Amino acid sequence: MKILVVNAGSSSLKYQLIDMDGEKMIAKGLVERIGTGKPGHQKQVVGKEVYEVEGVMIDTHVQATEMMLKALLDEEKGAIRSMNEIGAVGHRVLHGGTKFSASVIVNQAVKDAIRECIPLGPLHNPANLMGIEACEKVMPTTPQVAVFDTAFHQTMPPKAYMYGVPKKFLTKYGVRKYGFHGTSHRYVSKRVCEFLGISQLGTKMIICHLGNGSSLSAVVDGKCVDTTMGLTPLDGLLMGTRCGTCDPAVVQFIANNENMTVDEVLNMMNKESGLLGISGLSNDMRDVDNAADNYHGDAMLARDMLVYGIQKYIGSFVAAMGGCDMIVFTAGIGENNGALRERILTGMEWMGAKLDHARNMACADGHATECVISTDDSKMKLLVIPTNEEIMIARDTLELVKH
Ligand code: AMP
């Protein structure tokens, strides 16, 4: 069966068509600048064929979905002959609140529940819903599945997900830690055990998803027990443009002194902070690294802060789990930036994590593969496992629709 994986953002629609017979990606595409009032852009790659559309106004997600299908069905550069070849559609949905601890087939009740979670994911959930409804409109007989970024973290115990604010805010509004990147954490925590040929049962691991957005998770027996992101993806590590954890009073302090609203401060913390805000240069780790290697003071500071934050969370998760068998790196930075992994792991020998310099540096800069980067005598295994959220969404979708 061929499964279409859709990731609808507020102004973009990313997709992959995956043939589940062999789990091969057969088409990958993107429709951008939807509803922005500016001419849009579409690009699809099928093997060596590139299908591109420039300069057309794309007003709605329905229009973007129609463009996606047109590209997939294109006689010369497409991937399928008929829409019926698409067996099901799997949608990435940001926030499932406490309502979803696993993926589900979309029906009216599921759509209502995603809508009820909009206050928790105000930027993404409306777009995710638009993506689902657009596909329903354009492919009315094709089953749709929702896969939630928060679902994997639903196994966290209350002591990990509660905040120390009055409990009524949990009851009234669902104020608690949810965690994100769950599909990636789930894929990597499962895949690493397959790679090592061991059962998930009896394992304690830390997954470091380090990309433009970053989060760590602590996983015991294949189940998440803690993670660094919170009610929203702002919490935890320093990221490309997000500040990560800081004293909540900073919000009021900056708002009062700069005459800004709470929304404006939060926007600054989400979009102008992190690597970008500290280095003053870029949200991209490659730029920050280049500048830091050339002794740019603020770039060096940003990199030091990122490394230190990751080290602190690793230490706290080791303590929380009462030990750790493996640390696994994934996503753009985690997979490609061997030098950063070395900075993070240097000085962790005391807890049994011994990095093999040559193995680590062989797995970097676009050559990331599944590999062990620790020495043979390291008590804790250190690994790189490239993430694949799309395949996880496609697998969940297949599993749900085949019954
Ligand atoms: P992601 O959000 O997972 O796409 O990751 C984006 C981050 O990964 C950016 O900060 C990039 O600097 C970093 N990155 C992506 N590809 C590479 C690469 N080939 N080498 C080094 N860093 C990379």
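The values are calculated or read from the model by the stated rules, or taken from the named source; none is laboratory data. Small disclaimer: the values here were computed from a predicted structure and weren't measured. Using ideal geometry, Cβ is built from the backbone for each residue, glycine included, and neighbour counts are taken over all protein chains shown. With ligands, DNA and RNA removed, areas are computed over all heavy atoms of the protein, side chains included. Shrake-Rupley method; radii C 1.70, N 1.55, O 1.52, S 1.80 Å.
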Exercise for the section: Please compute P(r) over all alpha-carbon pairs of the range 68-114, binned at 10 Å starting from zero, and give each bin as a whole-number percent. Expected result: 21, 35, 24, 18, 1
Completion exercise
Computed over the Cα atoms of the range 24-165, the Rg and Dmax in Å are 17.4, 59
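Take the solvent-accessible surface of the protein heavy atoms, probe 1.4 Å, and return the percent of it on the chain that carbon and sulfur atoms account for.
Values: 9830 of 18660 Å².
So the carbon and sulfur contribution to the accessible surface is 53 percent.
Based on the alpha-carbon gyration tensor of the range 1-89, what equivalent-ellipsoid semi-axes (square roots of 5 times the eigenvalues) come out, in whole Å, largest first? Could the numbers behind the result be given before it?
Numbers: eigenvalues 99, 36, 22 Å².
Those come to 22, 13, 11 Å.
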Problem - Cα Rg, Dmax, the range 194-233, angstrom units - result: 11.8, 35
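How far, in nm, would the chain grow between E116 and N256 when pulled straight, counting 0.36 nm per residue and subtracting the alpha carbon separation? Please list the in-between numbers first.
Working: separation 140, 0.36 × 140 = 50.40 nm, distance 3.21 nm.
Contour length minus the Cα-Cα distance gives 47.2 nm.
Only Cα pairs under 8 Å and at least 6 apart count here; give the relative contact order of the chain as a rounded whole percent. Could you put the intermediate results ahead of the total?
Details: 848 pairs, mean separation 53.9, N = 403.
Answer for the chain is 13 percent.
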Problem - Evaluated at q = 0.08, 0.11 Å⁻¹: base-10 log I(q)/I(0), Debye formula over Cα of the chain - result: -0.45, -0.87
Problem - For the range 345-403, projected area of the alpha-carbon convex hull averaged over all directions, nm² - result: 5.8 nm²
Completion exercise
the chain, Gaussian network, Cα under 10 Å: of V62, V250, V192, the residue fluctuating most is V250
Problem - Gyration tensor over alpha-carbon atoms, the range 108-178, equivalent ellipsoid semi-axes in Å - result: 30, 13, 9
Practice task
Keeping all protein chains in place, calculate the accessible area per residue for the range 277-325 (probe 1.4 angstrom), answer in Å².
Solution key: 52 Å²
Fill in the blank from the handout: Residues whose built amide H sits under 5 Å from the amide H of C224, excluding neighbours closer than 5 in sequence, are T155
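Using the Cα atoms of the range 102-246 to build a convex hull, what is its mean projected area in square nanometres? Each step should come with its number before you reach the end.
Numbers: hull surface 41.6 nm².
Averaged projected area of the range 102-246's Cα convex hull equals 10.4 nm².
Just to confirm a number: summing +1 for Lys and Arg and -1 for Asp and Glu over residues other than E133 whose beta-carbon lies under 11 angstrom from that of E133, what do you get?
On the way: positive: K111, R115, K137; negative: E136.
My count for the surroundings of E133 gives +2.
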Problem - Most mobile of G222, G197, G236 in a GNM of the chain (Cα contacts under 10 Å) - result: G197
Problem - Accessible solvent surface per residue of the range 1-107, calculated while the other protein chains remain in place, 1.4 angstrom probe, Å² - result: 49 Å²
Problem - ³J(HN,Hα) computed for each position of the range 149-160 - Karplus, 6.51 cos²θ - 1.76 cosθ + 1.60, integer Hz, glycine/proline x - result: 5, 8, 4, 4, 7, 5, 7, 4, x, x, 4, 8
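Per residue, how much accessible area does the range 129-250 show when a 1.4 Å probe rolls over the protein heavy atoms, in square angstrom? The partial results should precede the final answer.
On the way: 4700 Å² over 122 residues.
Accessible surface, normalised per residue, equals 39 Å².
Can you give the percent of C-alpha pairs in the range 254-403 whose distance is more than 20 Å?
Numbers: 6825 of 11175 pairs.
For the range 254-403, the fraction of Cα-Cα distances above 20 Å is 61 percent.
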Handout entry: Listed residue pairs exceeding 28 Å between alpha carbons, taken from K14/K99; K99/K379; K271/K354; K190/K271; K28/K177
Key = K99/K379; K271/K354; K190/K271; K28/K177
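Normalised by the residues of the range 218-258, what does the relative contact order come to in percent, with Cα pairs under 8 Å and at least six apart?
With pairs under 8 Å counted, the relative contact order is 19 percent.
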Practice task
With the cut-off at 16 Å, report for the range 161-215 the share of all Cα pairs above it, as a whole percent.
Solution key: 58 percent
Exercise for the section: Please list, in chain and number order, the residues 5+ apart from A88 or on another chain whose amide H is under 5 Å from its amide H, with Hs placed from the backbone. Expected result: L4
Exercise for the section: Express the Stokes-Einstein translational diffusion coefficient of the range 326-377 in µm² s⁻¹, to the nearest whole number, given a Kirkwood radius over alpha-carbon pairs, 20 °C and a viscosity of 1.002 mPa s. Expected result: 195 µm²/s
Problem - Rough spin-label spacing in nm, given labels placed 7 Å along Cα→Cβ, for D74 and T375 - result: 5.3 nm
